[in-house]
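Please read the structure below before turning to the comments.
The values are calculated or read from the model by the stated rules, or taken from the named source; none is laboratory data. Since the model is a prediction, treat every value here as computed from it, not as a measurement. Glycine also receives a Cβ, built like all others from the backbone with ideal geometry; neighbour counts cover every protein chain displayed. Just the protein is used for accessible areas: all its heavy atoms, side chains included, with ligands, DNA and RNA removed. Shrake-Rupley method; radii C 1.70, N 1.55, O 1.52, S 1.80 Å.
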Amino acid sequence: MSTPSITSVQKEGKLYPPPKAFQKKAHIKSMAAYRKLYKRSYKNPASFWAKAAKELHWFKTWTKAMQWTAPNAKWFVGGKLNVSYNCLDRHLATWRRNKAAIVWEGEPGDQRTLTYQQLYNEVVRFACVLKSLGVKTGDRVAIYLPMIPEAAVAMLACARIGAPHSVVFGGFSAQALKDRILDAGATCVITADGGFRRGQIVPLKVNVDDAVKDTPGVKHVLVVRRTGRDVSMKAGRDVWLHERLAELSAQGRFSCRAEDVDSEQPLCILYTSGTTGKPKGIFHSTGGYLTHAAITTKWIFDLKDEDTFWCTADVGWVTGHTYVVYGPLAIGATTFMYEGAPNHPGPDRFWDIIERHRVNVFYTAPTAIRAFVKWGDEHPKKHDLSSLRLLGTVGEPINPEAWLWYHRVIGGARCPIVDTWWQTETGGILISPLPGATPTKPGSGTLPFPGIVPEVVRKDGTPCDANEGGYLVLKKPWPGMLRGIWGDPDRFKKQYFGDFPGIYFTGDGARRDPDGYFWIMGRVDDVINVAGHRLGTAEIESALVLHESVAESAVVGRPDDLKGSAIVAFVTLKGGRSPGADLKEQLRSHVGREIGSIAKPDEIRFTDALPKTRSGKIMRRLLRELATQGDVKGDTTTLEDFSVLEKLRAEEE
Ligand code: PRX
C-alpha cells in the first residue's frame, strides 16, 4: 500500500447549497432531516436497511435482517423475492403499467420505447427462450451485448429464472471474454451480431466465436439481431433469438413465473481488476443488492415519476447494473439508454439527446466531462438543456475545474451535482450528497449515505485527524456489499479484510475535512483508474509478458488531464529483440487483444532492466515517480542496483 497524499485537485472551495426550488420537492429536504436519519441509522444500520427492504415485494419475509461474521454479511436471511418481479410484475398492477420503463436510442438514430407492460412481455419471452436452451436456476449466463434494450431484457430474464448473470463489457477482447466465461462456468452466452460504435460495427459474435473455442462448458450461444450483418452460426450451438421466439410462439402462449429466489442467492457476477493478473469475479446477492440499489436511486437521484433518468454507463459495468437497470426499474422510474459514442456523429450527441428526450437527471463520469470541456462549450450551448434538474458523477475524483464547468455549462448553475463514491464491490453508492439536503463542495463526495459507516484510518487502524490523509475503510456491512469473489473465498478475505482485520478496506486513500466531508484521494494499491475504468497494473503486465519479445514489464499510472490516469509500461525485451516504434505499436495491439482497447498502454518505454529491491520486487513507486515527475526523489535505499535507476534517468533525458 502506498501512502495517500493530498493532491492539488483537493483544495476546498466554496459551498454550493441545494437550490431552494429543488429542495422543496426533494425526497430528503434538509440537512437536519439527513442528520436525523443518519444518526438513527448509525445506531442500528440493520433496522434502517430493513425499512428500506420493506419497499420491495417479498414472496417470503426474512427472519433476520442481517447476520455478520466477518467477512461474510448475510442480509434478509430466510427471505425470498425475485428481482425481475420487483422491477416489472409489481408495477403492472399500478398506473405505471403503461409508463415508459426504457427509452432507448441507437447510435444510428433508431429509437425504441418499452413500457413496463412491454418490457415485462419481452422479459418473459426471453426467459422462455433461455429455459428452452436448458438454462436453469443457479446456472451462470454470460452476456456480451451492445447497449440495446435486449441487454436489460437478458439481465432481467436471467434474474427471473434465478440464473446469475455475468455481463462482460462489449469493449473487452475475445481472450478477456473467454477468461470470464471459464471462471464463472457459464453454460450459455448471449450476444449480438454486432453493435454500433462510432459509426463502426463492433464484431461481438466474431469475438464470441473465438472465445468459446476453448470453453467446453458453453452449450449455447444466443444471438440477438442488431446490425443485420452476416455472422457464422454453428449448428446445434448457436441460436438466433428471433428464430427461437418464433418457434416458441408457434407452440403457444409465453409464460414464465418469477422464481422464488433466496435473498442471499447470487444475482450477478462482475469482473473487476485487482492487484493480481487475474480479474476478480465480484458477486452480489439478490435481496441486499436490490434494496441498496432501489433506495440509493430514489434518494440520491431524487427520482420522481415524471423524470427521465440517464445514466451513461454501459451495462457491462456495475454502474450500468445498478443505475441503468436494477435501481431505476425497481422504483418504477423511466431509464434512458444510448448505444453509441458521445461524439458520433458530432461532439454534441449527448446534448442533442438530452434536448430531444427532455432528460431530467443525468449521471456520467469525470473523464467524459473533461472530454466535453476539451471539445468546447459551443456544443452544449447549441442545445436546450433546460429539462435537466440534477447532475451526477462517478468513477474517479472530479477536479473542481471540471465540476464547475459541469455546474455552469450543463447545469445552468441551477442543478445540484451528486458526486457519488462507490465501487464494483459495494454494489451501490455509499458516499454522496443527498441533493435536497447536502451543501456540496466541488471535488468532494461529501457525506455517507444513511446506514453507511466509513472512516479514514492510519496504517495501524487508528482514526485519522481532520484533513490527515489515510485509508478509507467501512466499519459496518451494508446490503449491497459483495458476497465474495467467485470461486475464491480466501482471496476475498485477504483482499478486503486482510489489512484491517474485521473491517472492509476499500483500497482508496481519503481524508475527511473539518466538516466531516470525505475527499477521495485515489487508489493506494496497484490499481489504476483509466477513464473511470479500473485496471490492475499486474493484469496489463501479465498481458505484456505473453508477447514473444517481452522479458519483463512494469506498469504504472501517471496523471492525465483527460483520462484521470494514463498507462505507462516499462518493458525489457528478450535478448536479440530490438526496440522500436513498430514493436511499441505491436505491443499496444497485443494488450488490446488480450484485455481490450481500454488497457492499451499510452506510453511504452523500453529499458534494459527494471529497478528492484534486494528481494526481487519491482519498485513501481520509483517508476511512477519517473513517469510522473521525470525524476526520482523518493527513498531508494532498498534498491538493489543503483545503475538501473541511473540508466532509466538517462533514457528519460
Ligand atoms: O478509487 C475509487 C474510484 O473508483 C474506484 C471503484 O472503481 P470501480 O469498481 O470500477 O467502480 C466504478 C463505479 C462505481 C474506487 O475505489 N471512484 C469511484 N467513484 C468515485 C471514485 N473516486 C472519487 N470519487 C468518486 N465519486
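The rows are residues; the columns are (1) within 23 Å of the chain's Cα centre (by Cα); (2) of a type in the set (Lys, Arg).
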position	(1), (2)
103	yes, no
112	no, yes
117	no, no
152	yes, no
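Evaluate the following for residue 358: is it basic (Lys, Arg), open to solvent by 10 Å² or more (accessible area, probe 1.4 Å), farther than 18 Å from residue 415 by Cα and more than 16 Å from the ligand (Cβ to nearest atom)?
In short, no.
Looking at 120, 116, which is the one that is aromatic (Phe, Trp, Tyr) and either out of contact with any strand residue (DSSP E or B) (no Cβ under 7 Å at 6 or more places or on another chain) or within 30 Å of residue 499 (Cα to Cα) (or both)?
Values: 116 fails: either out of contact with any strand residue (DSSP E or B) (no Cβ under 7 Å at 6 or more places or on another chain) or within 30 Å of residue 499 (Cα to Cα) (or both).
Being aromatic (Phe, Trp, Tyr) and either out of contact with any strand residue (DSSP E or B) (no Cβ under 7 Å at 6 or more places or on another chain) or within 30 Å of residue 499 (Cα to Cα) (or both) holds for just one of 120, 116, which is 120.
Quick check on my filter: what residues within segment 256-286 are farther than 19 Å from residue 181 by Cα and either at pLDDT 95 or above or among the charged types (D, E, K, R) (or both)?
Step one: of segment 256-286, the residues farther than 19 Å from residue 181 by Cα are 256-265, 275, 285-286.
Of everything in segment 256-286, those that are farther than 19 Å from residue 181 by Cα and either at pLDDT 95 or above or among the charged types (D, E, K, R) (or both) turn out to be 256, 257, 258, 259, 260, 261, 262, 263, 264, 265, 285, 286.
Inside segment 500-580, counting only strands (runs of 3 or more DSSP E) that do not spill past its ends, which hold 1 or more residues that are over 26 Å from residue 630 (Cα atoms)?
Because the criterion is at least 1 residues that are over 26 Å from residue 630 (Cα atoms), the strands (runs of 3 or more DSSP E) in segment 500-580 that meet it are 504-512, 518-523.
Test each condition in (1) assigned to a loop (DSSP other than H, G, I, E, B); (2) open to solvent by less than 10 Å² (accessible area, probe 1.4 Å); (3) near the ligand (Cβ under 9 Å from one of its atoms); (4) in contact with a Pro (Cβ under 7 Å, 6 or more places away or on another chain) for residue 393 and report the one that comes out false.
Checking residue 393 against (1) assigned to a loop (DSSP other than H, G, I, E, B); (2) open to solvent by less than 10 Å² (accessible area, probe 1.4 Å); (3) near the ligand (Cβ under 9 Å from one of its atoms); (4) in contact with a Pro (Cβ under 7 Å, 6 or more places away or on another chain), the one that fails is (1).
Condition check: away from the ligand (no atom under 16 Å from the Cβ), closer than 21 Å to residue 45 by Cα and in a loop (DSSP other than H, G, I, E, B). Does residue 477 satisfy that?
Considered against the rule, which asks whether it is away from the ligand (no atom under 16 Å from the Cβ), closer than 21 Å to residue 45 by Cα and in a loop (DSSP other than H, G, I, E, B), residue 477 comes out as yes.
Among the listed residues 554, 569, identify the single one that is in contact with a helix residue (DSSP H, G or I) (Cβ under 7 Å, 6 or more places away or on another chain), open to solvent by less than 10 Å² (accessible area, probe 1.4 Å) and in contact (Cβ under 8 Å) with a residue 60 or more places away in the chain.
Answer to the selection: 554.
In segment 435-463, how many residues are within 15 Å of the ligand (Cβ to nearest atom) and either closer than 25 Å to residue 533 by Cα or not in a loop (DSSP other than H, G, I, E, B) (or both)?
Total meeting the criteria: 13.
Of 419, 377, which residue is free of Cβ contacts under 8 Å to residues at least 40 places away in the same chain and away from the ligand (no atom under 16 Å from the Cβ)?
Selected residue: 377, the only one of 419, 377 that is free of Cβ contacts under 8 Å to residues at least 40 places away in the same chain and away from the ligand (no atom under 16 Å from the Cβ).
Out of all the residues in segment 332-346, is one or more free of Cβ contacts under 8 Å to residues at least 40 places away in the same chain, of a type in the set (A, V, I, L, M), more than 16 Å from the ligand (Cβ to nearest atom) and closer than 27 Å to residue 49 by Cα?
yes
Counting only residues that are closer than 24 Å to residue 344 by Cβ and out of contact with any strand residue (DSSP E or B) (no Cβ under 8 Å at 6 or more places or on another chain), which one in segment 396-420 is surrounded by the most Cβ atoms within 10 Å (Cβ to Cβ)?
402
Which one is nearest to the chain's Cα centre (by Cα), of the residues in segment 422-462 that are free of Cβ contacts under 8 Å to residues at least 60 places away in the same chain and surrounded by fewer than 22 Cβ atoms within 10 Å (Cβ to Cβ)?
By that ranking, first place goes to 455.
Here is a yes/no grid of residues against (1) in contact (Cβ under 8 Å) with a residue 60 or more places away in the chain; (2) open to solvent by 40 Å² or more (accessible area, probe 1.4 Å); (3) assigned to a loop (DSSP other than H, G, I, E, B); (4) hydroxyl-bearing (Ser, Thr, Tyr):
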{"position": "598", "(1), (2), (3), (4)": "yes, yes, no, no"}
{"position": "601", "(1), (2), (3), (4)": "yes, no, yes, no"}
{"position": "604", "(1), (2), (3), (4)": "no, no, no, no"}
{"position": "610", "(1), (2), (3), (4)": "no, no, yes, no"}
{"position": "616", "(1), (2), (3), (4)": "no, yes, yes, no"}
{"position": "621", "(1), (2), (3), (4)": "yes, yes, no, no"}
{"position": "626", "(1), (2), (3), (4)": "no, no, no, no"}
{"position": "631", "(1), (2), (3), (4)": "no, yes, yes, no"}
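Does residue 282 satisfy the criteria of being within 16 Å of the ligand (Cβ to nearest atom) and either touching a residue at least 12 places away in the same chain (Cβ under 8 Å) or not aromatic (Phe, Trp, Tyr) (or both)?
yes
Among helices (runs of 4 or more DSSP H) lying entirely in segment 100-213, which contain 2 or more residues that are farther than 20 Å from residue 272 by Cβ?
Hits in segment 100-213: 116-132, 149-161, 204-211.
Do the conditions hold for residue 297, that is, is it hydroxyl-bearing (Ser, Thr, Tyr) and surrounded by fewer than 24 Cβ atoms within 10 Å (Cβ to Cβ)?
Considered against the rule, which asks whether it is hydroxyl-bearing (Ser, Thr, Tyr) and surrounded by fewer than 24 Cβ atoms within 10 Å (Cβ to Cβ), residue 297 comes out as no.
Condition (residue is part of a helix (DSSP H, G or I), open to solvent by less than 10 Å² (accessible area, probe 1.4 Å), at negative phi and small (Gly, Ala, Ser)) applied to segment 308-323: is it met by at least one residue?
yes
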